[in-house]
Amino acid sequence: MKPKIVFFDCDGVLINSNTWENLVKLVKFPKKKNSLLWNQYYSGKLSFEKWVDIQSIYFRKNLTRIKYQKEIVEKVKINQDAREIVTYLKKENIPVVIISSGEIDYVKAVADQLKIKIFKVNTYFRFNQAGKFVRMDFHTEDPIAKVDQVKEICQQFDCSPEETFFVGDSNNDLKAFELTKHGLLYNTKDEKCVKAAWKTIENLNEIKDVIY
């Protein structure tokens with residue numbers, strides 16, 4: 001099918017690295033603890049609010065606006081395959097939209113580099129006048145936010161979610177996969193993700209093969 005829109009997750013898809021992992025490293029959040037909290041949240045053992053509260057302790061201790069801009073925002077590296085597929089989709093007159101649970105500043109940097117005009121995020125960092133991190137603001141829980149944002153964009157383009165593709169790589173994309181019925185799982189072998197996906201791809205240019 002020819003999708004009315006192709007939605008892309010950001011981290012691990014449009015950019016080579018997982019920016020959130022780099023960020024928790026920057027604020028000295030223990031790697032094992034971060035993985036544990038992720039698993040606890042997605043297994044229903046930890047509330048979203050509690051997860052954010054625990055993380056925020058480390059952010060307040062170790063993050064400044066300058067450090068964030070220099071070490072995260074300015075260092076995003078675009079996936080070369082992303083450049084190619086975005087160019088292709090634009091030539092085919094298929095709208096490209098970023099739907100990310102990431103923070104607005106670095107997602108905007110990715111959108112600017114790829115010349116993607118429409119992007120939605122779920123996270124906003126707030127800094128005080130001295131440049132110290134104060135808090136994280138969110139629309140809602142990440143997977144729910146992605147669903148709400150896909151619906152919002154589809155309404156703008158007068159199409160249904162089922163007429164679109166959603167390209168993602170992790171658990172927080174699965175509700176969007178379910179909504180669109182066309183989840184493209186990128187470069188991930190996790191069994192739960194594979195089961196939820198419409199198709200799996202190892203290179204973003206493989207999206208061309210399912211457009212007709």
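None of the figures in this text is laboratory data; all of them are computed from the coordinates on show. This structure is a prediction, so every number in the text was calculated from the model and none was measured. Virtual Cβ from ideal backbone geometry, glycine too; neighbours counted across all protein chains shown.
Listed values, structure above:
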{"quantity": "Segment ASN187-LYS91, length gained on full extension (0.36 nm per residue, minus Cα span)", "calculated": "32.1 nm"}
{"quantity": "Candidates SER56, SER35, SER43, ranked by Gaussian network fluctuation over the chain, Cα under 10 Å, top entry", "calculated": "SER43"}
{"quantity": "Debye, to nearest 20: dipole size of segment 40-83, +1 on Lys, Arg Cβ, -1 on Asp, Glu Cβ", "calculated": "180"}
{"quantity": "Spatially proximal aspartates and glutamates relative to LYS151 (Cα-Cα < 16 Å; intrachain offsets below 8 disregarded)", "calculated": "ASP9, GLU141, ASP142, GLU162, GLU163, ASP173, GLU178"}
{"quantity": "Quotient of C-alpha Rg and 2.2 N^0.38 Å, computed over the chain", "calculated": "1.01"}
{"quantity": "Residue among VAL52, VAL13, VAL96 with the largest mean-square fluctuation in a Gaussian network model of the chain, springs linking Cα atoms under 10 Å", "calculated": "VAL52"}
{"quantity": "Antiparallel DSSP beta bridges within the chain, as percent of all bridges there, nearest 5", "calculated": "30"}
{"quantity": "Folded to 0 to 90 degrees: helix 142-156 orientation relative to the chain principal axis, Cα", "calculated": "40"}
{"quantity": "Theoretical FRET efficiency, 1/(1+(r/R0)^6), r = Cβ-Cβ of ASP209 and GLN155, R0 35 Å, to 0.05", "calculated": "0.75"}
{"quantity": "Simple Cβ-charge dipole of the chain, Lys/Arg +1 and Asp/Glu -1, about Cα centre, in debye nearest 20", "calculated": "880"}
{"quantity": "Directionally averaged projected area (convex hull, Cα atoms, segment 52-139), nm²", "calculated": "6.4"}
{"quantity": "Degrees separating the helix 104-114 axis from the principal Cα axis of the chain, which is the longest one", "calculated": "40"}
{"quantity": "Relative frequency of Cα-Cα separations exceeding 17 Å in segment 146-212, percent", "calculated": "38"}
